[in-house]
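Have a look at this one.
Each reported figure results from applying straightforward, stated rules to the coordinates on display, with no laboratory input. Note that the structure is a prediction, hence the values are computed from the model and not measured. Here the Cβ positions follow ideal geometry from the backbone for every residue, glycine too, while neighbour counts run over all protein chains shown.
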Amino acid sequence: MSTLMTYAPAFPELLLAVAALLFLMLGAFNDDNDKTGAFVGWLAIAAMIAAGALIVLQPADTKSLFNGAFVVDQFARFMKLLILGGSAVAILLSFDYLTAKGLMKFEYPILILLSTIGMMMMVSASDLISLYMGLELQSLALYVLAAMHRENVRSSESGLKYFVLGGLSSGMLLYGASLVYGFTGSTEFSVIANIAQSGTAAGNIGLIVGLVFMLVGLAFKISAVPFHMWTPDVYQGAPTPVTAFFAAAPKMAAMGLMMRALGSAFPGLEAQWQQVIWFVSIASMLLGAFAAIGQNNIKRLMAYSSIGHVGFALVGLAAGTQEGAQGVLVYLAIYLAMTLGTFACILAMQRGQDMIEDIDQLAGLAQNNLPMAFVLAMLMFSLAGIPPLAGFWAKVYVFWPAVKAGLYPLAIIGVVASVIGAYYYLRIVKIMFFDEPKEKFAPISTNLAVVMGASLFFIFAFAIPQLGGPIVSAAEAAAKSLRL
Amino acid sequence: MIAAIFFYLFAILSVISAVMVISARNPVHAVLFLILTFFNAAGLFVLLSAEFLALLLIIVYVGAVAVLFLFVVMMLDVDFAELKAGFIKNAPVGALIGGVVLIELVALFIAHGFEIGASGAVQTAVPSTGSGLDNTTALGLVLYTKYVYFFQAAGLILLVAMIGAIVLTLRHKEGVKRQSIPAQVARNPKTAIEVIQVPSGGAILPTAEGKG
């Protein structure tokens, strides 16, 4: 029993892994139909909630398992809760769509579950091998999910594109990791950190080249410019609930992994990695702002929007301070709520059996369905960063540490980019409220309405200290444990 | 001395064959060059006295993966000429970027040398344990103990690969005749045999059930 309890910090992951295997059996030995799929979907949500409860119940300390390959600290717990929330809501969003398209297979929630385990391993990684293992477990499941809609050419294209480019980025990451291993002699973050902090580290070119290659691989995963090319195509081609999932949980995990790797494996090399983050951040913000303007497909627009938001979040990381890390975490939490709410609205854009993805088709939504138009408008305002909505506070939390750290150009470009970006968010609001109404959408299902309502509540309530405060202080505790 | 000669032999051959993998005109030749690359890499492992890994590389990669590639290449009707055309169109840009990165890397390593970090990297694939363990035993000792986490994670990754392959390829087509064992077992002479009186000079047309 006591041996078992030593693995207590890994219980959430173990629970999910066992659940995934059980559900797989359950699905395989039942009829292969929508009912089984939906049942397994609800079970997967229940398993994620249980795992979340286990994480909340864990004592707030730092534990390391498996010879330092797996670390559980406040940062990991914070990120894992975000990841579990994102995954569970993504499954919740998918029931109606998948059933309508005949895609509600039991493998769908199981793949999301396995991918979630990979993400949780990513944010707990403190060894190059566990970093890569988590990343691959996550990505491999995502490739399959993207291509899930086999009859749809775009879905297959998006799966293949994601797979090839994801494989390329994994190759870059592995090349970087092999250099880091070769020039430090260990895959453990703690040993790498010791060498990175020693005086000779700045002259250790192999280590720095390895670091840069690893950053390239990770930038692919968070779809930061200049490694963002896959994002719009994959977002557009994948089935919409899968896109909602892509925009939520994996982003959190990849950001978490990046922060974990930079914070605990490469302290002392800030000067080197900050340049990279600095450039990637500016490029992402600007591309996110400009490239989204011409988009007519709302999923493509959200892809560019997510690129821009990754840029904003990286501003906090570029500051390289604990406050900056806290800002990134707050930003991620708020972005998660906003993006899930927005995708709930996108999934509600449906006429009969047809999913609508054209932004023009939103015209006059305010006259047809005022509550939905209101929710979507508020989410757009929040994504644009208009006070007093949560999206505004998110930007404050990342820009302020950057200003404090003296990164004025970064903060100024960030503000300019968010003003430019506001144009396309506001355009959607304008189309919904001031254009001639088009045909009505189908009635909104309960699941989507619940997610929309929760998201709306969150973006308004964040400004209230009693509600936003716990998130901010949890992010602070998480940032403290990250040693950034 | 001999080790060094063999190192350069294997290293140069593996680089050349790797280049040939992407430049060979015939895709089957490309896969064969890939196999050659794996063989040379296995040779390098032997030089590092990691004979277990070397054999594993040959069995897994040469035996299974490369042959699988070969099948895929032969079965898929990919128009390689067209792919090549696209490649040649973009080749100058690719070559430029590749060249710049190569020059940067070479310049960096020439300027700074291959300094090993403070702790010093492991010089051989299997550090001598002093107790005369061969490296299969040494791997076995850590694989299920120290590295159990990675081992299990790899298991989950393979599970995802399996689920993915099934999800993306298995389809239950309507109208396909499948073997149904219960139906076969439940067959008895009464249901299987039909006695028909053939009128002399007449013919029997197949019934709607299509039994014959």
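Going highest first, how would you order A:4-12, A:60-68 by mean Cβ packing within 10 Å?
Put in order of decreasing packing, that is A:4-12, A:60-68.
List the relative contact order of chain A as a percent without decimals, with contacts defined as Cα pairs under 8 Å and 6+ residues apart.
15
So, one more: Each label point is 7 Å from the Cα along the Cα-to-Cβ direction; what then is the distance between the points at B:M162 and B:I5, in nm?
A separation of 4.8 nm, rounded to one decimal place.
How large is the helix-only mean residue ellipticity at 222 nm for the protein assembly as shown, computed as the sum of -39500 (n - 2.57) over DSSP H runs with n ≥ 4, divided by its residue count, in deg cm²/dmol to the nearest 500?
Roughly -24000 deg cm²/dmol at 222 nm, from the helical runs in the protein assembly as shown.
What list of ³J(HN,Hα) values in whole Hz, one per residue of the stretch A:362-375 in order, does the Karplus curve 6.51 cos²θ - 1.76 cosθ + 1.60 (θ = phi - 60°) give from phi, with Gly and Pro shown as x?
7, 3, x, 4, 4, 7, 8, 8, 4, x, 5, 4, 5, 4
Ignore the peptide's own chain and count Cβ atoms of other chains within 10 Å of each Cβ in A:140-148; give me the average, rounded.
The per-residue average across the peptide is 4.
Still on this structure, I have one more. Please sort A:121-131, A:35-45 by packing, taking for each peptide the average over its residues of neighbouring beta carbons within 10 angstrom, highest first.
The densest-packed peptide leads the list: A:121-131, A:35-45.
Taking every alpha carbon pair in the stretch A:91-174, what does the distance histogram look like in 5 angstrom bins from 0, in percent?
Spelled out bin by bin, the stretch A:91-174 gives 3, 15, 20, 22, 19, 11, 7, 3, 0 percent.
PRE reach from A:Y423 (point 7 Å along Cα→Cβ): which of the stretch A:279-312 fall under 15 Å by backbone N?
Only A:286-296, A:305 fall inside the zone, counting backbone N under 15 Å.
Under 18 Å from a point placed 7 Å out from the Cα of A:Q367 along the Cα-to-Cβ direction: which residues of the stretch A:434-464 have their backbone N that close?
Backbone N within reach: A:434-442.
Based on the mean of other beta carbon atoms within 10 Å per residue, what is the order of A:217-229, A:343-355, most packed first?
A:217-229, A:343-355
In addition: Compute the orientation-averaged projected area for the stretch A:196-240 from the convex hull of its Cα atoms and round it to one decimal in nm².
4.1
Report the longest stretch of chain A that contains none of the GluC sites (Glu not before Pro) sitting in a DSSP loop with at most 13 other Cβ atoms within 10 Å.
A:152-438
Consider a paramagnetic label point 7 Å from the Cα of B:V148 along Cα→Cβ; state which residues of the stretch A:19-54 have an amide N under 12 Å from it.
Counting only backbone N, you get no residues.
In whole angstrom, how long is each semi-axis of the equivalent ellipsoid of the stretch A:260-335, when you take the square root of 5 times every eigenvalue of its Cα gyration tensor and sort them from largest down?
Equivalent-ellipsoid dimensions as semi-axes: 27, 13, 8 Å.
Any chance you could list P(r) for the stretch A:299-421, counting all Cα-Cα pairs in 10 angstrom bins from zero, rounded to whole %?
13, 41, 27, 14, 4, 0
I've got another one for you. How much length, in nm to one decimal, is gained on full extension between B:V15 and B:N188, taken as 0.36 nm per residue of separation minus their Cα-Cα distance?
55.6 nm
Let me ask something else about it. Need the full-extension length gain, A:V153 to A:A271, defined as separation in residues times 0.36 nm minus the C-alpha distance. One decimal, nm.
Using 0.36 nm per residue and subtracting the Cα-Cα distance, I get 38.0 nm.
Take the eigenvalues of the Cα gyration tensor for the stretch A:33-138, scale each by 5, and report the square roots as semi-axes in whole Å, largest first.
Over the Cα atoms of the stretch A:33-138, the ellipsoid semi-axes are 29, 15, 9 Å.
How big is the shadow of the Cα convex hull of the stretch A:223-356, averaged over all directions, in nm²?
So the mean shadow area of the Cα hull is 7.8 nm².
Using a 10 Å cut-off around each Cβ of peptide B:160-173, what is the average number of partner chain Cβ atoms that fall inside?
Partner-chain Cβ atoms within 10 Å, mean over residues of B:160-173: 5.
Any chance you could get the radius of gyration and Dmax over the Cα atoms of chain A, in Å?
21.4, 68
Where the only charges are on Cβ atoms (+1 Lys, Arg; -1 Asp, Glu), what is the dipole of chain A about its Cα centre, to the nearest 20 debye?
480
Sticking with this one: Tell me, what is the FRET efficiency for B:V176 and A:T446 to the nearest 0.05, using R0 = 41 angstrom and their Cβ-Cβ distance as r?
0.60
In terms of the ratio Rg/(2.2 N^0.38 Å) built on C-alpha atoms, what value belongs to the stretch A:269-484?
Normalised Cα radius of gyration, the stretch A:269-484: 1.05.
Net charge around A:F66, counting only other residues with Cβ within less than 10 Å of its Cβ (Lys, Arg = +1; Asp, Glu = -1)?
0
As a quick test, which of the pairs A:K299/A:K438; A:K105/A:K161; A:K80/A:K480; A:K251/A:K299; A:K105/B:K173 have an alpha carbon distance above 18 angstrom in this structure?
Violating the 18 Å limit, Cα to Cα: A:K299/A:K438; A:K105/A:K161.
Right, another one. Return the average number of partner chain Cβ atoms within 10 angstrom of each residue Cβ along peptide A:180-193.
Going residue by residue through A:180-193 and averaging, the value is 3.
Here is a follow-up. What percentages make up the Cα-Cα pair-distance distribution of the stretch A:393-449 when the bins are 10 Å wide from 0?
18, 28, 23, 20, 11, 0
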